[in-house]
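Undergrad: Got a structure for you, questions after.
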Amino acid sequence: MTVVQPAPHTPPPRWQRRRAAIAIVLALVALPVVLLLALYFMDWNSMRGPVSAYLSHRAGREIHINGDLSVDLFRLQPRVDARDVEVSNPGWMADTSTSAGTPAGTPAGRFDDIKLEFRLFPLLLGKLVLPLVQLEKPQVFLVRQESGRTNWDSDSPGDGAWKLPPIQHFAIHDGQVRIEDNVRDLTFTGTVNSHEDGGRGAAFVLTGKGTLNKNAFGADINCDPLLHVNADKSYGFTADIRAGKTHARIRGAIDHPFQLDRYHADLTLSGDNLADVYYLTGLTLPGTPPYQLNVTVRRDGQVYRLTDLHGVMGKSDLAGNLSIDVSDKVPVLAGRLASRHLNFADLGALFGGGPQQAVADGHLLPDTVLHTERLRQTNAEIDYSAAKVDSRDFPLTSLGVHVSLENGVLVLKPLSFGMTQGRLGGSLKIDARHDIPVTSLDGQISGVAIANFIKGADKPLHGALSARAQLTGRGRSVHQTAASANGKFTAVIPQGQIRRSLAEWMGVNVISALGLNLSGDESNSAVRCAVAQFDAKNGVLTARRLVFDTEPVLVEGGGTVDMNHETMDLRVQGKPKHFQLLRVRAPVTVTGRWDAPKLGVEPGQALGQGGIAAALGFLNPLASVLAFVDPGLAKDANCAPMIQQARAGKLPAKSQPKKN
């Protein structure tokens, strides 16, 4: 068998290999040359569709280049010029008119002309640097729904900070901005320009006006020149913003131009009520009297630091440091605040109170609707202290409180007031997770001299007062909450002293009381104990024990206190412990509104005594005296068990008081 050997492989001649290599090199050189020639002679208007489609894909919304598109790539700073550019709104608002009446179909942005220049070599290294951005007659429309969704939301992940590439010259001519924010109830129309300012270069200016929460709103923002901007140097700005009575003046600088998540500023803020700042910032802040505050603001990414805060609120001073973390859906406010001097009346604004409001709604308990729904929009951990408290009605010396707000539940605990004698403390909780908030109060007074609550130099009653209120109610104002309150209230004076003439008057001992008053007798009698226990149901306090035991008289009674109508109807009966002549056996009544109570004597029994006296007097004038002689004497109250039961919150014993 013959085996055929394969022919030996013969390499191509050298000249053929050289020709193939030259062909490959020529092809590699020709391809970019052809590409460059194609780009140079390209009709870019024919590329508006593909370019618009690419930009729409990147932005997540429709972008249309309706005018000419020209591109000059053959320079160290290539230029792009696009005319009549329109940025559409997202699909969810395409066919919907806004609440402020802006027609459906209004684009999110429209630009007569956009000119961009970028540096070629940095771009080849992956860094975008824009020597020029020029916008002609830009019209920008910003919308935010009540849900928080905006027409400029991006689906791409990020920290929410607005960062632009370095821009050396940013020119804006005849720009317009319209904002409709349904969260803040804000409408704003403004003009934006960068213009030559006294030969110093182009300065950025935004001015405009509108409404914020139905109040006039105006903004005047001025920034450093936008010509030859250095990305490594800070970029200064000032702002003057007015919203109703709120006025903010700001002077600061952005650490790196066009990176708005790093800046510092000095802020002066003033207004009638700090709670109104919510409409500007979205932060839930407490109600206050007229205020003026100065603070240094520093933003580091998602954290704002407010340092060297100082100023006045009403007649009180305020100082401290705060931080605001906005990295989560709900911002978190934390820090410490302090006052050297707190005017207690300034705290009334926290709950919608104040003299003018009381006159306006006709209630002593404030009936101003509080924006408790805002408690769901901020979390907070704040410590506040006041070194000195100035109070007209209460013997307060200092205040300390920790404020915790989380997921719509506000807790003030511990809440402690220093006093000249004794203490006042407790806790307050407002659960605002639902439309109608639920408020729980647990307040305690211990060892406070009752004389401190009596105005004037003459103090006819002395003793240490202990009291506790445990109440829970529903409502959007203090008055509504009190009018629905359930719980209990207890007050105890274990022992003390009372002006003897006042004690006699409480027993309606006419002869003795008049004699003591006319003689100027200021002697005291012992108060063995005093106990008041009330049950609260649907805003009505009903006395289940009302005892005031003095040396000469045992006073017992009952009645109601209505927190809805702010009225009282109390009745107390004094029972003497010693023989009395010419005593009118009639209960003392306290009735009417809280701000104008009426003190009187129940006429029924007194008239009965008078009728008996008249009948006896018809028979024998001396016999008429018998009608006013008190035949029965009261015994001492059983103070020790009664006080123990009251402090423990137990029901009073039904047995009659026994003599100790």
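Undergrad: Enter the per residue convex hull volume of the stretch 257-316, computed from alpha-carbon coordinates, in Å³ rounded to the nearest integer.
TA: Numbers: hull volume 5.4 nm³, N = 60.
Each residue corresponds to 90 Å³ of Cα convex hull volume.
Undergrad: Karplus couplings for the stretch 75-92 from phi (6.51 cos²θ - 1.76 cosθ + 1.60, θ = phi - 60°), rounded to Hz, Gly and Pro as x?
TA: Result, rounded to whole Hz: 6, 5, 10, x, 10, 10, 10, 10, 10, 6, 9, 10, 10, 7, 6, x, x, 5.
Undergrad: Taking a cut-off of 14 Å between Cα atoms, list the aspartates and glutamates near residue 245, but don't count ones fewer than 8 places away on the same chain.
TA: 272, 276
Undergrad: I need 406, 566 ordered by Cβ neighbour count within 10 Å, fewest first.
TA: So the ranking, lowest neighbour count to highest, is 406, 566.
Undergrad: Taking square-rooted eigenvalues a ≥ b ≥ c of the alpha carbon gyration tensor, is the stretch 294-442 rounded, prolate or oblate, where a/c under 1.5 means rounded and, failing that, a/b exceeding b/c means prolate? Display every interim value, and only then the final one.
TA: Numbers: a/c = 1.65, a/b = 1.22, b/c = 1.35.
It comes out oblate by the Cα gyration axes.
Undergrad: In addition: Out of the stretch 40-88, which chymotrypsin sites (Phe, Trp or Tyr not before Pro) are coil in DSSP terms and have no more than 16 other C-beta atoms within 10 Å? Walk me through the numbers on the way to the answer.
TA: On the way: sites: 40, 41, 44, 54, 74; in loops: 74.
Qualifying residues, ordered by number: 74.
Undergrad: Cut-off under 13 Å on the C-alpha distance; same-chain residues fewer than 8 positions from residue 233 excluded. Which aspartates and glutamates are left, in chain and number order?
TA: 224, 255
Undergrad: Follow-up. In the structure shown, do any of 413/537; 115/329; 329/429; 214/329; 577/598 have a Cα-Cα gap over 30 Å, and if so which? Let's see the in-between values first.
TA: Working: 413/537 25 Å; 115/329 37 Å; 329/429 23 Å; 214/329 27 Å; 577/598 27 Å.
Beyond 30 Å: 115/329.
Undergrad: In whole Hz, with x marking every Gly and Pro, tabulate ³J(HN,Hα) for the stretch 138-143 from phi via Karplus 6.51 cos²θ - 1.76 cosθ + 1.60, θ = phi - 60°.
TA: Rounded to whole hertz, the list is x, 10, 10, 10, 10, 10.
Undergrad: Can you list the residues, at least 5 places off or on another chain, whose amide H is less than 5 Å from the amide H of residue 62, using H built in the peptide plane?
TA: So residue 62 has HN proximity to 88.
Undergrad: Out of 273, 230, 247, whose Cα points farthest toward the positive end of the dipole of the stretch 208-299 (charges: +1 Lys, Arg; -1 Asp, Glu; placed on Cβ)?
TA: 273
A short reminder: the numbers here are calculations on the coordinates, not readings from a lab. Predicted, not measured: the structure shown is a model, and the values here were computed from it. We place every Cβ from the backbone using ideal geometry, glycine too, and count neighbours over all the protein chains shown.
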